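The structure under discussion appears below in the form of structure tokens.
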Amino acid sequence: MPKVNDYDDIPGTTVFDAARSRKGYHLNSFCMSLMKAENRAAFKADEEGYLKRFGMTEAQRQAVLKRDWNWMIQEGGNIYFLAKLFFTDGNSFQYAAAEMTGMSQEDYAKMMLAGGRPIEGNRSKSEWENRG
Amino acid sequence: MPKVNDYDDIPGTTVFDAARSRKGYHLNSFCMSLMKAENRAAFKADEEGYLKRFGMTEAQRQAVLKRDWNWMIQEGGNIYFLAKLFFTDGNSFQYAAAEMTGMSQEDYAKMMLAGGRPIEGNRSKSEWENRG
Amino acid sequence: MAKIIGGLTTSHVPALGAAMDNGKTEEPYWKAVFDGYERAKSWIVEASPDVIFLVYNDHATAFSMDLIPTFAIGCAEEFPIADEGWGPRPVPTVKGHPDLAWHVAQSVILDEFDLTIINKMEVDHGLTVPLSLVYGQVKEWPVRVIPFPVNVVQYPPPTANRCYNLGKALGKAIRSFEQQDLRVVVFGTGGMSHQLQGKRAGLINKKFDLAFQDKIGPNPQALTKISHLEFLRESGSEGIELVMWLIMRGALSEQVKEVHRFYHVPASNTAVGHMIFESQEA
Amino acid sequence: MAKIIGGLTTSHVPALGAAMDNGKTEEPYWKAVFDGYERAKSWIVEASPDVIFLVYNDHATAFSMDLIPTFAIGCAEEFPIADEGWGPRPVPTVKGHPDLAWHVAQSVILDEFDLTIINKMEVDHGLTVPLSLVYGQVKEWPVRVIPFPVNVVQYPPPTANRCYNLGKALGKAIRSFEQQDLRVVVFGTGGMSHQLQGKRAGLINKKFDLAFQDKIGPNPQALTKISHLEFLRESGSEGIELVMWLIMRGALSEQVKEVHRFYHVPASNTAVGHMIFESQEA
Ligand SMILES: [Fe+3]
Ligand SMILES: [Fe+3]
């Protein structure tokens, strides 16, 4: 279903719609499992083994093992589910957000202190393409 | 909250509203547990012991042990939950319905074959009081 | 575009399922009921739906007291058969249609109906008995099914008016689905008059039921004005399931052709009402 | 009759909870945020609510992908604190107000809002951080809380217009509760602009946020016309949480008095927006 949605024009943004939700079901279910301390311990002790408990795709498993947050989102992950994973790692939303932008957390934090990423130039994919 | 509701005027009828639902929470939760074969086996092996697993009142427990369906409803039971209990016993909705009316199942079945309990005279509590 | 071929109403009395599962359909008591469904068996072959959008109520099976959605839509690939206290009914697992289900969910939420989206759910007699009545005993259901559970257990259920308007939004959503030539039939299950509890158990109101059957095709608006009190009083505490017929009706075209009507008392405790409508799209 | 004293909006950034739990509120980065909540701490004492009706969103905590209610209402006696991946926050269990919650549930379902009734649920930072911001570190919450989770995780959330109208129905329901002199404050949590994902993470739209703050009191109708596309584009993929402010606003009186306004960037990734309104009942 390569359906085109109005929100697909927003750059650097993946809306968690039906298609993403269906794609990410098992990945996000794995994340939910980390809400129990014993599951977190089992995951930490043997990440690959633990991941086999869930019906995830190979791409989803690799993305998790590599902590590649953008890749996880591409494979149907949603940030609030993924939070269970970076919380398990002892990391924060700001850590994950910085990772996804490709900035260091320090640079990202500086950007936020300076007022955040501006809306000007960040509304539409065409603006990102034109900035070269 | 002895709140008066318009439907309280319907004779021989207990509407499963908020008050009943709250009162019956543990009783109905017990009934739901009978949707698993192992729980049915445990219940059948030791009814009293099994009932202690749930936060039921003494009245609710006694009503269950006695299979007093009207009493269970008075204590917050709902017929669709209670169905799990009479299904566990190998009985049917018609069996339970007959029990609740105080008729034998044979007489109840005859009434149904003759067209059921008529609506005339059964709309309002005043009609039941007046029939003496 | 998907097309709504028609709609079907039926009771979903669990004893009907048990009669089929236990080979009792030829016994006189049950035969009188099942004969009323012969037309449905041929009609469904003519209609040959790809998907049944099945409006029903869960009977404290998938939903306990812990969580009670007013309206829910099953978006999963499949729905296992629930164990209601005597093991699961011996019928095939129900296969869903996630593409259409998700499309409908998105559409009607944006139309301001507050659905609960479900991706994991077992289905009870409310859903399986209607399928059995229409398809008989099969190895696989020859159709995809979108389960649409409606709360009629915990008071208050949605109003008749809300159900009818929801049906309209569902109809619009189904018709706007882009997959070519998908054929959809909408089931509205439950009712007619019955009461399963207390000293008034066994109540049947034939006059109310027949009037409901008279109006549901040509004049459903009249039925949207029935209050919960009137349903409870006139059609019994469980007769309020009839609000689900209005969801089906709302999903059909303004004008419909009634192709079958059946009314029979009793199946166990219940007045069985079964109707078939065909859409009359302009 | 119960009385709606006022309403309060606030972000619910989890890092704010962590800063409080770990004693970092005096660090300059965090102090700048917490200073904005000093007024709320005195206001809540003046307002002395018996119940907070707390509109928030669950962040994939109580609701997984298996079941996603658009609107839900917590009717339980109490709500345990969820473990979101690092153990439960060290805050007291949340005590509910089942009498009022059930009353509201019945009333708004009859007013044709399709709630999911919840009797068992854990609550996450979306609910606990606002309580901590207002009450600080306490042994017991000095108030009863009715959790009202709204889906803003799975697209589509309810529309801004639907949320505002729901708020009106909630307000009417709360005011019609018969228990004398019950004092209720409505919280609308979430927002303001933020995006937590992808290459656009860190987006802040101060102009959009300030315009939203300007209008929510005197002219909420204008905000009900904001489409999901506009929220997503202008306030970030997570800024759409702002629809929940409109539920709070709808529950208040037509005219409200703004008694506090605070806007601060950043708390972690988010523009913190915090306002307090008092009802101006005729
Ligand atoms: Fe039923
Ligand atoms: Fe949030």
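Figures for the structure shown
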read-out: Check on D:SER237, surrounded by fewer than 24 Cβ atoms within 10 Å (Cβ to Cβ) and either polar (S, T, N, Q) or on the phi > 0 side of the Ramachandran plot (or both); value: no
read-out: Number of positions in the stretch A:121-132 that are within 22 Å of D:PHE208 (Cα to Cα) and either in a helix (DSSP H, G or I) or of a type in the set (A, V, I, L, M, F, W, C) (or both); value: 4
read-out: Residue that is in contact (Cβ under 8 Å) with a residue 40 or more places away in the chain and either surrounded by fewer than 24 Cβ atoms within 10 Å (Cβ to Cβ) or within 29 Å of A:ALA18 (Cβ to Cβ) (or both), where the choices are D:GLY36, D:GLY85, D:GLY23; value: D:GLY36
read-out: Single match in D:LYS215, D:LYS225 (criterion: surrounded by fewer than 24 Cβ atoms within 10 Å (Cβ to Cβ) and more than 25 Å from A:ILE10 (Cα to Cα)); value: D:LYS215
read-out: Helices (runs of 4 or more DSSP H) fully within the stretch A:2-104 counting 1 or more residues that are more than 9 Å from every other protein chain (Cβ to nearest Cβ), away from ligand 2 (no atom under 16 Å from the Cβ) and surrounded by fewer than 22 Cβ atoms within 10 Å (Cβ to Cβ); value: A:18-23, A:25-33, A:37-45, A:47-51, A:58-65, A:69-74, A:93-101
read-out: Selection within the stretch D:175-195 - within 23 Å of D:LEU133 (Cβ to Cβ) and surrounded by fewer than 24 Cβ atoms within 10 Å (Cβ to Cβ); value: D:ARG183
read-out: Residue in the stretch C:251-268 that is among the basic types (Lys, Arg), buried (at least 20 other Cβ atoms within 10 Å of the Cβ) and more than 14 Å from chain B (Cβ to nearest Cβ) present; value: no
read-out: Failed condition for C:ALA72, given (1) at pLDDT 95 or above; (2) over 17 Å from the mean Cα position of the chain (by Cα); value: (2)
read-out: Answer residue from the stretch C:116-140, given it is out of contact with any helix residue (DSSP H, G or I) (no Cβ under 6 Å at 6 or more places or on another chain) and among the hydrophobic types (A, V, I, L, M, F, W, C) and is surrounded by the fewest Cβ atoms within 10 Å (Cβ to Cβ) among those; value: C:VAL138
read-out: The stretch B:105-120: number of residues that are surrounded by fewer than 12 Cβ atoms within 10 Å (Cβ to Cβ) and part of a loop (DSSP other than H, G, I, E, B); value: 1
read-out: Those helices (runs of 4 or more DSSP H) lying entirely in the stretch D:155-258 with at least 1 residues within 28 Å of D:LEU67 (Cα to Cα), within 16 Å of ligand 2 (Cβ to nearest atom) and more than 14 Å from the chain's Cα centre (by Cα); value: D:228-235
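Matching residues to (1) assigned to a helix (DSSP H, G or I); (2) away from ligand 2 (no atom under 16 Å from the Cβ); (3) within 14 Å of chain A (Cβ to nearest Cβ); (4) under 22 Å from D:VAL13 (Cβ atoms):
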site: D:ALA40; (1), (2), (3), (4): yes, yes, no, yes
site: D:TRP43; (1), (2), (3), (4): yes, yes, no, yes
site: D:GLU46; (1), (2), (3), (4): yes, yes, no, no
site: D:PRO49; (1), (2), (3), (4): no, yes, no, no
site: D:LEU54; (1), (2), (3), (4): no, no, no, yes
site: D:HIS59; (1), (2), (3), (4): no, no, yes, yes
site: D:SER64; (1), (2), (3), (4): no, yes, yes, no
site: D:ILE68; (1), (2), (3), (4): no, no, yes, no
site: D:ILE73; (1), (2), (3), (4): no, yes, no, no
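The values are calculated or read from the model by the stated rules, or taken from the named source; none is laboratory data. Keep in mind the model is a prediction, meaning the values are calculated, not measured. For neighbour counting, all protein chains shown are included, and Cβ atoms are generated from backbone atoms with ideal geometry for every residue, glycine included.
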